[in-house]
Amino acid sequence: MTVRIRWQEPLCTALLATTMIGTCQAPAAAQPAPGSDGYVHVSPDGTVLGADPYYPKDGNGGYDVDKYALALDYSPYSMLLNGKATITATATQDLSRFDLDLRGLTVRSVTVDGVPAAFRRAGEHELVITPRTPLAEGTRFTVVVGYDGRPEPIGTARGRVGWLGTPGDSAVATGQPRSAMTWFPVNGTEVDKATLRVSVTVLDEFSVLGNGLPVSDVPAGFGRHTVTWSEDTALAPSTAMLGIGRWEVERITLPGGRTAINAYHPCAVDKRKIGGQLPEVLEFLTGKFGDYPQSAAGGLFLDRSLGYTHGAQTRPVYGRTATIADLVYATAYQWWGAGVSGKMWRDTLMPESIAQYAVWLWDEAKNGVDLDRRYREMVAKVSGDTGFWAPKITDPGKGTEFAPTTKAVLMVHALRRTIGDDGFFQIMAGFPMINPQGNQNWHDFELYVSAMTQLDLGAFNHAWLDGTVRPPDELLYPGPLRPSR
């Protein structure tokens, strides 16, 4: 099978259209108002869903970002970062003031369309900007933020996310949620996807890896060079990454002749065997999910433990314990996660569950694993564990977005057996295809599955997605999953 890679961002279809409204528009006669602090979600029917309940101060309304262009200068030995972020956006209302998300770091200057703007810091991560002249709705504008400091990561239940630096060695920006705000000013909501271009000036002995494709590598004075990467397909902030280190870079050929770029920490070169399986994994997953939806492929393999694999768009980041299962998961995440993303963080497990289930599909096809048997054995182990069944898949809770992943993967297999393979694999390929680089939530997914199967899945969804106890046997063991007596 040939891997067909789509190299341009396709147009979104009308079916299950992505919600892109950040805030209610002010009446024409009203005075310009500040954009909202915290992105306000609105459903396609106009119902205001409000800010993200887990991180209500993340993201901002009043504008929509088109592009981030970052010029960074990093000193690995002092671990100091100097940055200039150029952000191109469009006002979605008459705007007197707006916010960006930036955690820590010192802001030195802000301009809007080349004119100095007033700014202040507020709360944990707000950069509040007041342009000299209010912005009219529909105006395209450019913000330039100069900043510096030592970026710090954010602690989560899975491990540290954001900027991870080691003195004199590598610095990596990785993980989710909320990682981007640790190293550049951002509209920190998954629904405001934008392109990303990053130029990093660093000592010659260090190389740089980013999202998308390499653009240039030019001298920048004695013993220094500037490396530029560009991802021209809009990405969600949590799928941005950056790696500065003494990487050993490897280019491998994909089916169809394209090149993938992998990079390895010198103490992680033993992972070349895993990274080298990317062509096989991509070919396998295109057979399940359809054309590869991203502009580039590859990965960054670290010598440190992360506690997670980060499915960064076009260039996942792997910890030192990575296995082929992590490669399959992170590659599947390019369809389910980086491709079609959740709207709020309570939707995390919607794409995550499918990306993780891709590992089951790989084991079934490549290793001859009986997935029904695996499912029954796993259910038997947790059948009486009330703590396992307690989290809602559709609303796991702040800080525990990924905790019920195993329950969610079991749900995917139960769904497959409930609707049959034909319907299941149509959904696995169809949902990302009609939502390219879009955002959907659990309700959207449930509607799509019901429409595709023409089945009443209300009881299944109530028990598995919203349930807090073990599903009843008829929903836990549909069809061939019923244990033999």
Checklist entry - With every protein chain kept in the model, how would you rank 375, 77 by accessible area, 1.4 Å probe, largest at the top? => result 77, 375
Next on the checklist: Within the chain, which is the longest segment that contains none of the GluC sites (Glu not before Pro) sitting in a DSSP loop with at most 13 other Cβ atoms within 10 Å?
Outcome noted: 206-485
Item to check | Folded to 0 to 90 degrees: helix 371-382 orientation relative to the chain principal axis, Cα | outcome: 80 degrees
Checklist outcome for this item: Expected unfolding gain across residue 109-residue 224 under the 0.36 nm per residue rule, minus the alpha-carbon gap, is 38.9 nm
Checklist entry - What FRET efficiency do you get for residue 217 and residue 474 if R0 is 45 Å and r is their Cβ-Cβ distance, rounded to the nearest 0.05? => result 0.15
Checklist entry - In nm, to one decimal, how far is the modelled label at residue 132 from the one at residue 385, with both set 7 Å along Cα→Cβ? => result 6.2 nm
Checklist entry - When we measure straight from the Cα of residue 392, which aspartates and glutamates land under 12 angstrom away, once same-chain ones fewer than 8 places off are left out? => result 347, 401, 466
Checklist entry - Using +1 on the beta carbon of Lys and Arg, -1 on that of Asp and Glu, and nothing else charged, what's the dipole of segment 172-301 about the Cα centre, debye to 20? => result 120 debye
Checklist entry - In segment 217-372, if every C-alpha pair distance is counted and binned at 10 Å from zero, what percent goes to each bin? => result 10, 39, 36, 12, 3, 0, 0
Next on the checklist: Rounded, prolate or oblate, given the Cα gyration tensor of segment 352-485, with a/c below 1.5 counting as rounded?
Outcome noted: rounded
Next on the checklist: For Cα pairs less than 8 Å apart in space and 6+ apart in sequence, what is the mean separation divided by the residue count of segment 157-251, i.e. the relative contact order in percent?
Outcome noted: 33 percent
Checklist entry - Which ³J(HN,Hα) values in Hz, rounded to whole numbers, follow from the phi angles of segment 122-130 under the Karplus curve 6.51 cos²θ - 1.76 cosθ + 1.60, where θ = phi - 60° and Gly and Pro get x? => result 9, x, 6, 8, 8, 10, 9, 10, 10
Checklist entry - Taking Cα pairs under 8 Å and at least six residues apart, what relative contact order does the chain come out at, in percent? => result 13 percent
Checklist entry - About its Cα centre, what dipole magnitude does the chain give when the only charges are +1 on Lys and Arg Cβ and -1 on Asp and Glu Cβ, stated in debye to the nearest 20? => result 760 debye
Next on the checklist: How tilted is helix 405-419 with respect to the longest principal axis of the chain? Cα atoms for both, answer in degrees (0 to 90, nearest 10).
Outcome noted: 50 degrees
Next on the checklist: With viscosity set to 1.002 mPa s at 20 °C, what whole-number translational diffusion coefficient in µm²/s follows for segment 65-136 from Stokes-Einstein and a Kirkwood radius over Cα pairs?
Outcome noted: 158 µm²/s
Checklist outcome for this item: For segment 208-259, averaging the sequence separation of alpha carbon pairs under 8 Å that lie six or more residues apart and dividing by its residue count, the contact order in percent is 36 percent
Checklist entry - Under the classification rounded if a/c is under 1.5, otherwise prolate if a/b is larger than b/c and oblate if not, where does segment 42-177 fall, given a ≥ b ≥ c as square roots of the Cα gyration tensor eigenvalues? => result oblate
Item to check | Helix-only mean residue ellipticity at 222 nm for the chain, each DSSP H run of n ≥ 4 adding -39500 (n - 2.57), per residue, nearest 500 | outcome: -6500 deg cm²/dmol
Checklist outcome for this item: Order by accessible surface, 1.4 Å probe, largest leading, for residues 270, 326 comes to 270, 326
Item to check | Accessible area in square angstrom per residue, segment 386-476, 1.4 angstrom probe | outcome: 39 Å²
Item to check | Surface accessible to a 1.4 Å probe, residue 84 within the full protein complex, Å² | outcome: 100 Å²
Item to check | Under 21 Å from the Cα of residue 193 - lysines, other chains or at least 8 residues apart | outcome: 57, 67, 84, 343
Next on the checklist: I need the fraction of alpha carbon pairs in the chain separated by more than 42 Å, rounded to a whole percent.
Outcome noted: 16 percent
Checklist entry - Rounded, prolate or oblate: which one fits segment 281-332, using the alpha carbon gyration tensor with axes a ≥ b ≥ c (rounded when a/c is under 1.5, else prolate when a/b beats b/c, else oblate)? => result prolate
Checklist outcome for this item: Rg/Rh over Cα atoms for segment 151-225, Kirkwood Rh, comes to 1.00
Checklist entry - Taking the convex hull of the alpha carbon atoms in segment 115-269, what volume per residue do you get, in Å³? => result 179 Å³
Checklist entry - According to a simple spin-label model (label point 7 Å from Cα along Cα-to-Cβ), what is the distance in nm between residue 246 and residue 370? => result 5.1 nm
Item to check | Förster radius 51 Å - calculated FRET efficiency between residue 398 and residue 426, Cβ distance, rounded to 0.05 | outcome: 0.90
Item to check | 28 Å Cα-Cα reach of residue 366 towards lysines, excluding residues that sit fewer than 8 places from it in its own chain | outcome: 271, 273, 288, 381, 407
Next on the checklist: Can you tell me the mean projection area, over all orientations, of the convex hull of segment 309-416's alpha carbons? Units nm², please.
Outcome noted: 7.3 nm²
Checklist entry - To the nearest 10 square angstrom, what accessible area does residue 148 show with a 1.4 Å probe? => result 30 Å²
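The values are calculated or read from the model by the stated rules, or taken from the named source; none is laboratory data. All values reported here derive from a predicted model rather than from experimental measurement. Virtual Cβ from ideal backbone geometry, glycine too; neighbours counted across all protein chains shown. Remember, those area values only see protein heavy atoms, side chains included, never the ligands or the DNA or RNA. Shrake-Rupley method; radii C 1.70, N 1.55, O 1.52, S 1.80 Å.
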